[in-house]
Structures are given as structure tokens and as C-alpha cells.
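Asker: Questions regarding the structure given below will be posed in turn.
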Amino acid sequence: MKNKIVLDSSSNLREFSNVDFASVPLRVIAGEQEFIDDINADAAAMASYLTQFNGKTSTACPSVGDYLEAFGDAEHIFCITLTSSLSGSYHSASVAAQTYLEQHPNRRIHVFDSLSTGGEMTLLAEKLGELIAQGLSFDTIVEKANAYSKRTRLLFSLESLRNLANNGRVPAAVAKIAGILGIRMIGKASEDGKLQPIGKARGEKRVAPELFRHLTEMGYQGGKVRIDHCCNPSCAEELRSLILSRFPAADILIGLNGILCSFYAEIGGLIVGFET
Ligand code: X90
């Protein structure tokens with residue numbers, strides 16, 4: 001059986017080992033300039049370009065056609081999207097899945113709404129990879145993956161809410177409470193896939209300790225952690241050290257935010273997916 005795992009690029013996952021894989025890019029648009037969130041994209045360069053750019057910026061999710069192209073000719077497709085509460089990516093993927101099944105009635109496809117982004121999507125993809133390797137049936141894989149996704153969470157620290165607020169991805173009231181500029185906000189993905197502020201970190205030095213405190217309060221017990229950052233390796237490393245000092249066997253990977261996540265989490269932002 002030809003299996004394929006398809007994620008949109010908000011997962012920050014760029015390659016995958018044991019299963020055929022595709023990342024479907026979102027885009028950031030700044031005036032005439034378009035930044036496509038593909039494997040070659042330089043998020044740090046975009047972030048520094050945007051600090052000089054005063055015009056209107058926006059983002060775009062993948063189209064139905066983009067997803068159909070990514071599905072290719074696989075027989076069993078497992079697709080994971082950015083939360084449907086903040087993006088049309090899940091909708092595009094779902095319409096593409098319907099079209100695909102009309103064209104290929106004997107194939108199977110499941111679209112997971114991650115209700116999240118970044119490392120929490122990556123963890124689900126890794127779990128799918130394991131379940132596929134075990135040779136389980138399509139329906140069993142979907143069932144076990146859904147159960148697993150109830151045991152993962154997402155935390156993040158954002159340099160500001162500017163791009164999220166300007167693009168209507170957080171309500172004005174939330175942005176106001178957090179303060180739009182100049183405050184590092186700690187937040188989590190809520191149960192319904194929205195951004196939920198849970199605290200502020202006053203000063204860069206407080207970010208990793210605050211993230212670690214929330215991680216344990218949210219039920220982390222030493223399992224997997226997937227940390228992605230934009231231009232902030234020291235904060236990511238500090239979080240890793242804090243986790244390892246309490247949980248020496250923790251499986252922690254540090255990666256880079258792509259174009260989409262770097263746009264919304266901004267320079268310095270961290271996105272952390274973990275198991276509870
Ligand atoms: O144009 C589009 O369809 C993309 C819109 C994306 C909006 C949210 C992206 C979030 C990126 C920032 C912090 C994490 C918030 C996650 C809440 C579930 C990362």
C-alpha cells in the first residue's frame with residue numbers, strides 16, 4: 001500500500017524518514033513581495049525584510065489544487081492541517097480530499113484538523129509514521145492517531161501579537177489585554193484551536209523558565225518535546241536544559257520556524273509541541 005503523510009507548512013517539518021511525505025506551503029505577502037513557505041525558504045531573511053517594510057502584510061493558506069498536487073497518487077493519505085479556527089487550510093484540504101475520493105473511490109484519505117500548529121502537528125506526523133510502520137489498517141491508524149492527539153499540547157512565546165492582530169487571527173480584545181507591542185506573551189492552543197494567552201514574560205531571561213513552568217503545569221511528564229524558534233537558539237537551548245534537568249530522558253528536538261510561523265510568532269518567538 002502506498003502511504004503518504006501530507007502536512008501544511010505551519011508544522012515546520014521539512015523532511016520525514018520512513019514514509020512518503022509532502023509539506024504544502026502557506027504564503028506571506030508583503031506588497032509586491034511573496035514569501036513561499038517551502039523547504040528553501042529563509043525565514044530569518046523574511047523577518048528582517050519585514051522589519052523594514054511598512055505596507056500591509058497578509059498570509060494565504062494552500063489552495064485545493066495545492067493539496068491535490070501533494071496527494072499525488074498515494075493510496076492511503078494522512079493529512080494534517082493548521083487549526084481550522086485560524087486558517088482555511090483545513091477547508092482546502094477537506095475539499096481536495098473529497099475531489100480525490102471522487103476520482104479514486106478505492107483509496108483512503110483522512111484530514112486531521114490539528115487545532116494547533118508547529119510541533120504539535122509534527123508529533124502527530126511522527127506518531128502516524130510509527131503506526132504505518134506497524135502495518136496497521138487505515139481505520140486503526142486514524143483511531144490511534146486521534147487518541148494520541150488528545151495527549152499532546154502546544155505552548156508558545158510570541159514577541160508581539162502585531163501580525164496576529166493585524167490579520168484578525170486574535171480578537172482585538174485579546175490583543176489589547178496582552179498589549180500589542182513590546183511584551184513577550186506566553187500562550188497555548190485552546191481546546192477549540194484558538195490562541196489563548198496564559199501569561200507574560202517580562203524580559204527575555206524569563207521566557208524559558210516561564211515556558212517550562214507552564215509545560216509542567218499542563219501535564220508534561222518527560223515525553224517528546226518539539227521546539228521551533230525564529231532567530232532565538234539560546235532561548236530554545238535554555239528550555240531544553242531546563243527540561244533535561246528535571247527529565248533527563250526527555251526526547252527533545254530543536255528546529256526552525258518556517259515562513260508562516262516566523263511571520264506570526266515574529267523574530268525571537270518559540271513554538272513548543274509536547275506530550276502530556
Ligand atoms: O493565512 C492563513 O490561512 C494562515 C493563518 C495562520 C494563523 C495562525 C498562525 C499561527 C502561527 C503563532 C502562534 C501559535 C498560535 C496557535 C494557536 C492554535 C504561530
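Asker: Can you tell me which residue among Ile259, Ile252 is in contact with a Lys or Arg (Cβ under 7 Å, 6 or more places away or on another chain) and either more than 11 Å from the ligand (Cβ to nearest atom) or of a type outside the set (Lys, Arg) (or both)?
Answerer: On the way: Ile259 fails: in contact with a Lys or Arg (Cβ under 7 Å, 6 or more places away or on another chain).
Exactly one residue qualifies, and that residue is Ile252.
Asker: Further question on the same structure: So Glu143 passes all but one of these: (1) more than 17 Å from the chain's Cα centre (by Cα); (2) crowded, with 18+ Cβ neighbours inside 10 Å. Which condition number does it fail?
Answerer: Only one criterion in (1) more than 17 Å from the chain's Cα centre (by Cα); (2) crowded, with 18+ Cβ neighbours inside 10 Å is unmet by Glu143, namely (2).
Asker: Still on this model: Sort out for me the helices (runs of 4 or more DSSP H) sitting completely within segment 1-114 that have 3 or more residues that are over 26 Å from Tyr148 (Cα atoms) and within 16 Å of the ligand (Cβ to nearest atom).
Answerer: Answer list for segment 1-114: 43-52, 64-71.
Asker: Here's something else I'd like to know. Considering only residues that are among the hydroxyl-bearing types (Ser, Thr, Tyr) and either open to solvent by less than 70 Å² (accessible area, probe 1.4 Å) or under 8 Å from Leu270 (Cβ atoms) (or both), which ones fall in segment 227-240?
Answerer: Once the filter is applied, which keeps residues that are among the hydroxyl-bearing types (Ser, Thr, Tyr) and either open to solvent by less than 70 Å² (accessible area, probe 1.4 Å) or under 8 Å from Leu270 (Cβ atoms) (or both), segment 227-240 yields nothing.
Asker: Let me ask something else. Quick check on Asp20: is it touching a Cys at 6+ places or on another chain (Cβ under 8 Å) and under 16 Å from Ile77 (Cα atoms)?
Answerer: no
Asker: Select from segment 246-273 the residues that are in a helix (DSSP H, G or I) and either acidic (Asp, Glu) or touching a helix residue (DSSP H, G or I) at 6+ places or on another chain (Cβ under 7 Å) (or both) and list them in ascending order.
Answerer: Ile259, Leu260, Cys261, Ser262, Phe263, Tyr264
Asker: How do the pairs read when you match residues in segment 2-13 that are β-branched (Val, Ile, Thr) with residues anywhere that are open to solvent by 10 Å² or more (accessible area, probe 1.4 Å) and in a helix (DSSP H, G or I), using Cβ under 7 Å and keeping only pairs 6 or more apart or on different chains?
Answerer: Note: pairs meeting the criteria are Val6/Ala70.
Asker: How about segment 16-63: which of its residues are in contact (Cβ under 8 Å) with a residue 60 or more places away in the chain, farther than 18 Å from Leu256 by Cα, touching a helix residue (DSSP H, G or I) at 6+ places or on another chain (Cβ under 6 Å) and open to solvent by 30 Å² or more (accessible area, probe 1.4 Å)?
Answerer: Asn18 - this is the single residue of segment 16-63 that is in contact (Cβ under 8 Å) with a residue 60 or more places away in the chain, farther than 18 Å from Leu256 by Cα, touching a helix residue (DSSP H, G or I) at 6+ places or on another chain (Cβ under 6 Å) and open to solvent by 30 Å² or more (accessible area, probe 1.4 Å).
Asker: I'd like to verify a number: residues in segment 57-69 that are closer than 22 Å to Ile132 by Cα and under 18 Å from the mean Cα position of the chain (by Cα), how many?
Answerer: Matching residues across segment 57-69 total 1.
Asker: Looking at segment 117-130, can you tell me whether even one residue there is assigned to a helix (DSSP H, G or I), open to solvent by 50 Å² or more (accessible area, probe 1.4 Å) and closer than 25 Å to Lys224 by Cβ?
Answerer: Taking every residue of segment 117-130 in turn, at least one turns out to be assigned to a helix (DSSP H, G or I), open to solvent by 50 Å² or more (accessible area, probe 1.4 Å) and closer than 25 Å to Lys224 by Cβ.
The values are calculated or read from the model by the stated rules, or taken from the named source; none is laboratory data. The structure presented is a predicted model; accordingly, all values stated were derived computationally and were not measured. A quick note on method: Cβ atoms are made from the backbone with ideal geometry, for glycine too, and the neighbour counts reach across all protein chains shown. Quick note on the areas: whole protein, heavy atoms, side chains included, nothing else; ligands and nucleic acids left out. Shrake-Rupley method; radii C 1.70, N 1.55, O 1.52, S 1.80 Å.
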